[in-house]
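Asker: Mind having a look at this structure? Questions to follow.
The values are calculated or read from the model by the stated rules, or taken from the named source; none is laboratory data. If you're wondering where the values come from, they're calculated on a predicted model, not measured in any experiment. Heads up, the Cβs are rebuilt from the backbone with ideal geometry, glycines too, and the neighbour counts pull from every protein chain shown. Just the protein is used for accessible areas: all its heavy atoms, side chains included, with ligands, DNA and RNA removed. Shrake-Rupley method; radii C 1.70, N 1.55, O 1.52, S 1.80 Å.
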Amino acid sequence: GQQLNQSPQSMFIQEGEDVSMNCTSSSIFNTWLWYKQEPGEGPVLLIALYKAGELTSNGRLTAQFGITRKDSFLNISASIPSDVGIYFCAGSGGSNYKLTFGKGTLLTVNP
Amino acid sequence: DGGITQSPKYLFRKEGQNVTLSCEQNLNHDAMYWYRQDPGQGLRLIYYSQIVNDFQKGDIAEGYSVSREKKESFPLTVTSAQKNPTAFYLCARSIDRSRGPQHFGDGTRLSIL
């Protein structure tokens, strides 16, 4: 089946720093989704990408759908303490829209 | 709550017992999903439904069952056949399946007594 590698596994940064995380796939995807999950809660959809090369922003968050259709990245600018959480990427390819999730990036922001 | 409600928040199962997790949405969306999350893992799809009275198995459907008798409700039953049920269960909805899960509920944490 499809494999999806998300990196880094965890990040420890200082408040105000920029953050970058990415996902790579073993196969071509048609959709990339980025979620954030806080402890004890369900994931929240941050950004959805449906076209290769697409670059989309949501406040301080920016995500891109890689031109090869096998990767995507998420950037967070000027991090703040409430950015803490686990960030998941998810992608799907083919007509069945079956999503594969990455294992997540745990972000810790030191004030 | 993003228009989707899961209950209960915590659930305990005795050996040999079936338990049912509730998922309700109030936005008239067609697609609903059930995912399982284990510590340090991504989400894995159990079942999904695109329309009423229709549902499809995901990657880990064994030991689980669902129904979709009403558009707003998509309950998940964890049967006694599921030998490792301890996990965080998440329900999600979307306008249609091509968009992927757009809103998740707050989850149900299931544990074994």
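Asker: Suppose each label sits 7 Å from its Cα in the direction of the beta carbon; what would the residue A:13-residue A:67 distance come out to in nanometres?
Answerer: Placing both labels 7 Å along Cα→Cβ, they lie 2.5 nm apart.
Asker: Another question about this same structure. For every other residue with a beta carbon closer than 15 angstrom to the beta carbon of residue B:95, add +1 if it is Lys or Arg and -1 if Asp or Glu, then tell me the sum.
Answerer: Details: positive: B:71, B:93, B:97, B:99; negative: B:30, B:72, B:96.
Around residue B:95, the surrounding residues sum to +1.
Asker: With Cβ to Cβ distances under 11 Å as the rule, what net charge do the other residues near residue B:38 carry (K, R +1; D, E -1)? Before the final figure, lay out each step's value.
Answerer: Numbers: positive: A:103, B:36, B:44; negative: none.
Combined, the nearby Lys, Arg, Asp and Glu give +3.
Asker: Something else about it: The stretch B:28-105 to the stretch A:1-24: how many Å between their Cα centroids?
Answerer: For the stretch B:28-105 versus the stretch A:1-24, the Cα centre distance is 26 Å.
Asker: Please compute the net charge surrounding residue A:18, taking Lys and Arg as +1 and Asp and Glu as -1 over other residues with Cβ under 13 Å from its Cβ.
Answerer: Values: positive: A:60; negative: A:15, A:17, A:83.
Within the 13 Å Cβ shell, the charges total -2.
Asker: Straight-line reach from residue A:36: which lysines fall under 16 Å, measuring Cα to Cα and dropping same-chain residues less than 8 apart?
Answerer: Those lysines meeting the cut-off are A:103.
Asker: So how much accessible surface do B and A hide from each other in total, probe 1.4 Å, in square angstrom to the nearest 100?
Answerer: Numbers: alone 6130 and 6040 Å², together 10570 Å².
When B and A are taken together, about 1600 Å² of accessible area is lost.
Asker: Tell me the accessible surface of residue A:54 in square angstrom (1.4 angstrom probe, heavy atoms of protein chains only), to the nearest ten.
Answerer: About 50 Å², ignoring ligands and nucleic acids.
Asker: Only four residue types carry charge here, +1 at the Cβ of Lys and Arg and -1 at the Cβ of Asp and Glu. Report the dipole size of the stretch B:1-66 about the Cα centre in Debye, rounded to the nearest 20.
Answerer: On the way: 6 positive and 8 negative charges, 47 e Å.
With only Lys, Arg, Asp and Glu charged at Cβ, the dipole is about 220 debye.
Asker: Ok, one more. Could you do me a favour and compute the accessible area per residue for the stretch B:74-113, 1.4 Å probe, result in Å²? Could the numbers behind the result be given before it?
Answerer: Values: 1450 Å² over 40 residues.
Spelled out: the 1.4 Å probe surface of the stretch B:74-113, per residue, equals 36 Å².
Asker: In square angstrom, what is the accessible area per residue of chain A with a 1.4 angstrom probe? Kindly include the intermediate steps, with their values, before the conclusion.
Answerer: Details: 5230 Å² over 111 residues.
Counting only protein heavy atoms, the per-residue value for chain A is 47 Å².
Asker: How big is the gap, in Å, between the Cα center of the stretch B:1-26 and the Cα center of the stretch A:28-61?
Answerer: That distance is 26 Å.
Asker: What's the magnitude of the charge dipole for the protein assembly as shown around its Cα centre, counting Lys and Arg as +1 and Asp and Glu as -1 at the beta-carbon? Answer in Debye, nearest 20. Don't skip to the answer; put the middle values down first.
Answerer: On the way: 21 positive and 20 negative charges, 116 e Å.
It works out to roughly 560 debye.
Asker: What residue among A:87, A:50, A:97 has the largest mean-square fluctuation in a Gaussian network model of chain A, using Cα springs under 10 Å?
Answerer: Among A:87, A:50, A:97, the largest mean-square fluctuation in the Gaussian network model of chain A belongs to A:97.
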